[in-house]
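These notes concern the structure reproduced below.
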Amino acid sequence: MARVLGTKRRRSRKKGQQDLPLQERFKHGGKRKRAGRKRVAPRPQVKHRRRPALGEDHPVLVTWRVLDHVWSMQSKRSFRVLLRAFRPAVERFGARITHFSVQGNHLHLIVEANGTQALSSAMQGLGVRIAKGLNRLMGRAGKVFVDRFHAHALGSPTEARNAIDYVLGNTRIHAQRQGRAVTSYVDRFAVSHEQLGDETAWWRSFDDGSPPVAPPASWLLEKGWRLAKPRRAAPIFAFPV
């Protein structure tokens with residue numbers, strides 16, 4: 001019988017005919033186990049997220065880690081370099097350093113900043129001075145810090161109290177975590193604004209006349225933290241150190 005003009009012939013499909021079970025192969029990406037970009041750094045780094053919004057004289061707890069090739073910062077020669085870097089940064093770019101603690105491979109600072117940009121500018125200037133000073137001491141050049149600094153905004157008297165206790169007792173806290181004996185509760189490598197009138201402080205032996213920290217201007221660091229009771233001897237903060 002002749003096919004009707006303008007119509008298409010409909011092909012019959014055999015019953016039971018199935019497509020070949022071809023295995024789908026993925027080369028990259030996708031939501032599956034061990035997918036995505038692999039981490040190059042040996043440990044997690046600070047994520048590139050938006051910094052917390054800060055008001056005027058807002059206190060922030062800052063943590064900054066150096067590379068493995070950098071000499072231990074808990075030595076007299078390195079600590080002297082750090083003090084020289086801290087003194088010009090005490091009150092600059094709308095930021096104020098009130099406390100800091102020097103560990104072997106990282107720093108803890110409590111900073112008051114008039115906004116996120118002020119904090120970033122102050123830390124950038126401080127980081128450049130520290131990097132130049134340590135590189136000069138080691139006789140080399142190049143990068144000193146592992147990554148950008150970690151910032152935790154303090155929003156309550158309890159947080160401010162825990163942050164101050166954490167910074168000023170950081171050497172003791174690390175010793176307890178590692179199971180080492182704690183010989184003294186006085187951290188020689190921690191400096192606070194309350195020590196400015198103490199002529200017997202250990203860092204005074206490196207003193208050149210200008211203080212490495214400044215008195216606080218915020219209510220939290222001046223009076224508020226005293227209203228909170230210490231919750232624990234070693235407050236825990238989530239820092240990549």
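The values are calculated or read from the model by the stated rules, or taken from the named source; none is laboratory data. Predicted, not measured: the structure shown is a model, and the values here were computed from it. Cβ atoms come from the backbone with ideal geometry, glycine included; neighbour counts cover every protein chain shown. Surface areas here come from the heavy atoms of the whole protein model, side chains and all, with no ligands, DNA or RNA. Shrake-Rupley method; radii C 1.70, N 1.55, O 1.52, S 1.80 Å.
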### Task
Could you calculate the contour length gain from HIS69 to ALA217, that is, 0.36 nm times the residue separation minus the distance between their Cα atoms, to one decimal place in nm?
49.6 nm
### Task
Go through the range 50-126 and name the chymotrypsin sites (Phe, Trp or Tyr not before Pro) that are in a DSSP coil and have 16 or fewer other Cβ atoms within 10 Å of their Cβ.
TRP71
### Query
What relative contact order, as a whole-number percentage, does the range 67-138 give when Cα pairs under 8 Å and 6 or more residues apart are counted?
35
### Task
Kindly sort LYS76, LYS229 by accessible area of their heavy atoms, largest first, with the probe set to 1.4 Å.
LYS229, LYS76
### Task
Can you sort LEU61, LEU227, LEU54 by 1.4 Å-probe accessible area, starting with the largest?
LEU227, LEU54, LEU61
